[in-house]
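First comes the structure, then the notes that go with it.
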Amino acid sequence: MNSAAIDGLLAALERVPDNVPLRINVAKLLLQAGRHSEAIDHLNIILEVDAANTETIQLLVDASAGLSSVTGAGHGIPEPGEAPGKQASRDFDWHRAEQELGQSLPAPFVSDESHPGPPALAIDGDRAGGALFDVDRPAITLADVGGLEEVKKRLNESFLDPMRNPEVAKAFGKSLRGGLLLYGPPGCGKTFMARAVAGELGAAFMTATMTDIFDKFIGETEKNLHEIFEAARRAAPAVLFLDEIDAVATKRSALSGGAAWMRQTVNQLLLELDSMDSQNDGLFVLAATNQPWDIDNALLRPGRLDRMLLVLPPDRAAREAILKHHFSSRPIAGIDVQKIASRTEDFSGADLEHVVTSAAEKAMTESLRRGSVQAISMSHVNEALKEIRPSTRQWLQMARNVVEFGNTSGAYDDLGLYLRFRKMI
Ligand SMILES: Nc1ncnc2c1ncn2[C@@H]1O[C@H](COP(=O)(O)OP(=O)(O)OP(=O)(O)O)[C@@H](O)[C@H]1O
Ligand SMILES: [Mg+2]
């Protein structure tokens with residue numbers, strides 16, 4: 001249909017603006033003509049009077065997909081020179097290693113299928129920039145995070161999907177705001193997961209590590225916090241990640257001695273989070289800690305960091321995925337990841353990485369000794385396993401006390417469930 005015909009229908013619609021079937025037809029025609037944003041406007045008008053119109057919602061989904069394929073949002077292609085997630089596995093010079101070894105190496109067991117790469121969001125990094133936080137764009141994406149399927153799902157639902165499809169989110173009455181606290185034992189992927197989300201969102205993701213924003217001058221920490229939030233608001237829709245939030249938000253009861261400055265910082269944080277309601281539609285705060293029970297309760301009330309998400313030690317399947325990921329960029333021979341995964345219960349992601357790097361060091365030492373490249377074998381891994389202890393047990397023991405004696409509000413029900421499943425309580 002040519003645009004003159006569409007214009008005719010638009011004129012008719014002006015005379016009968018309440019005619020929903022006509023407006024749906026106009027929207028469809030606009031979509032066919034590639035005029036996605038106009039179609040979206042009409043669909044939104046329909047949804048204002050009939051929010052449950054499924055045909056319209058479906059069209060909106062199609063229109064948003066069409067729009068993002070035009071603008072690149074949600075379907076990003078890695079920028080030139082940018083490494084896609086699994087680049088590391090391709091970076092290893094197999095040919096050279098084989099030449100040095102004088103024999104062929106087994107293929108890596110991680111499939112080398114091409115990685116889709118992080119989608120690009122059209123947000124100007126400079127607008128959001130500032131010395132207090134990073135807007136770097138890690139090459140990792142959620143696909144690089146082993147296991148933690150439930151956490152990934154919740155992160156997708158709470159802000160990745162709404163950020164990619166703002167029009168659809170609007171149709172469902174979901175706006176991007178609020179906060180979520182990731183918690184769990186050290187080394188199990190809270191920061192890594194957040195970096196992966198950053199990889200997905202590009203400049204729309206800002207990281208501020210709380211231990212870095214301290215200033216020796218009283219009052220500067222609050223100012224720094226305010227600046228971070230202001231910059232994040234300017235970049236909205238955006239996700240602001242406050243890592244190691246316990247560093248600035250510990251309960252007074254958990255502190256030894258008067259720490260008035262900490263109280264001030266908590267107050268500033270509360271102020272910033274509360275103004276999210278009014279000023280910061282489009283700002284989502286993600287925070288991480290391994291001591292949620294020490295966080296000032298005021299920060300966890302509704303409208304603030306009101307959802308908690310447990311990032312657990314990797315289960316067996318996740319351990320396999322993490323091991324594969326870390327082995328994928330190294331020369332290996334006869335590595336049985338399943339066996340290693342079954343022998344590493346309670347190992348954190350960081351512990352597993354340590355196992356791989358330490359096995360790699362052993363293979364390297366042996367290579368130097370023999371004067372030829374020795375691929376990493378199970379014997380190197382076994383040696384490494386003798387030296388590395390799982391680091392999450394201590395945290396789980398501490399968590400047990402919290403669940404047994406301090407879970408009156410039910411905030412740690414997830415944790416309780418896990419500990420019961422592990423027969424620790
Ligand atoms: N699920 C995972 N998949 C892949 N790698 C992981 C995973 N979890 C952890 N790792 C590896 O372990 C390292 C440490 O994890 P990370 O720093 O995210 O832990 P954390 O939960 O933030 O710990 P902390 O509480 O000490 O800050 C990561 O850089 C990554 O290499
Ligand atoms: Mg961390």
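Per the listing I6, I24, I40, the residue uniquely more than 16 Å from E167 (Cα to Cα), in contact with an Asp or Glu (Cβ under 7 Å, 6 or more places away or on another chain) and part of a helix (DSSP H, G or I) is I24. The residues in the range 410-425 that are surrounded by 14 or more Cβ atoms within 10 Å (Cβ to Cβ), within 23 Å of R301 (Cα to Cα) and modelled with pLDDT of 90 or more can be counted, and the count is 4.
Counting only residues that are part of a helix (DSSP H, G or I), within 12 Å of ligand 1 (Cβ to nearest atom) and not hydrophobic (A, V, I, L, M, F, W, C), the range 305-334 holds 5 of them. Listed by position, the helices (runs of 4 or more DSSP H) enclosed by the range 128-199 that each have at least 1 residues that are away from ligand 1 (no atom under 12 Å from the Cβ) and modelled with pLDDT of 85 or more are 149-155, 161-164. In the range 363-385 there is no residue that is buried (at least 17 other Cβ atoms within 10 Å of the Cβ), within 29 Å of the chain's Cα centre (by Cα) and of a type in the set (A, V, I, L, M, F, W, C). Counting just the residues of the range 350-372 that are in contact (Cβ under 8 Å) with a residue 12 or more places away in the chain and within 11 Å of R330 (Cβ to Cβ), which one comes out farthest from ligand 1 (Cβ to nearest atom)? If we take residues in the range 350-372 being in contact (Cβ under 8 Å) with a residue 12 or more places away in the chain and within 11 Å of R330 (Cβ to Cβ), then A363 is farthest from ligand 1 (Cβ to nearest atom). In summary, L312 fulfils each of the numbered conditions (1) within 16 Å of ligand 2 (Cβ to nearest atom); (2) under 30 Å from E227 (Cβ atoms); (3) hydrophobic (A, V, I, L, M, F, W, C) with the single exception of condition (2). Under 6 Å between Cβ atoms, at least 6 apart or on separate chains: pull out the pairs that start in the range 186-208 with a residue that is in the same structural domain as T141 (by TED's automatic domain parsing) and end on any residue that is among the aromatic types (F, W, Y). Listed by first residue and then by second, the contacts come to A194/F241; A198/F205; M206/F133; T207/F133; T207/F241; A208/F133. The number of residues in the range 159-192 that are closer than 11 Å to F241 by Cα and touching a Lys or Arg at 6+ places or on another chain (Cβ under 9 Å) comes to 4.
Within the option set A298, A350, being surrounded by fewer than 23 Cβ atoms within 10 Å (Cβ to Cβ), in the same structural domain as N156 (by TED's automatic domain parsing) and out of contact with any strand residue (DSSP E or B) (no Cβ under 8 Å at 6 or more places or on another chain) holds for one residue only, A298.
Scanning the range 28-44 for residues being within 33 Å of the chain's Cα centre (by Cα) and either crowded, with 20+ Cβ neighbours inside 10 Å or of a type outside the set (G, A, S) (or both) gives a total of 9. Scan the range 390-420 for residues that are assigned to a loop (DSSP other than H, G, I, E, B) and either of a type in the set (A, V, I, L, M) or free of Cβ contacts under 8 Å to residues at least 12 places away in the same chain (or both) and the total you get is 5. Give the residues of the range 163-191 that are within 16 Å of ligand 2 (Cβ to nearest atom) and under 17 Å from A204 (Cβ atoms), sorted by residue number. Within the range 163-191, L180 is the sole residue that qualifies. The number of residues in the range 147-163 that are of a type outside the set (A, V, I, L, M, F, W, C) and crowded, with 21+ Cβ neighbours inside 10 Å comes to 2.
For the range 240-252, a tally of residues being crowded, with 21+ Cβ neighbours inside 10 Å and more than 16 Å from ligand 1 (Cβ to nearest atom) returns 1.
Of the residues screened, S348 is one that is modelled with pLDDT of 95 or more, in contact with a Cys (Cβ under 8 Å, 6 or more places away or on another chain) and among the polar types (S, T, N, Q).
The values are calculated or read from the model by the stated rules, or taken from the named source; none is laboratory data. Computed from a prediction, not measured in an experiment: that's the story for all the values here. All Cβ positions, glycine included, derive from the backbone under ideal geometry; neighbour counts span all protein chains shown.
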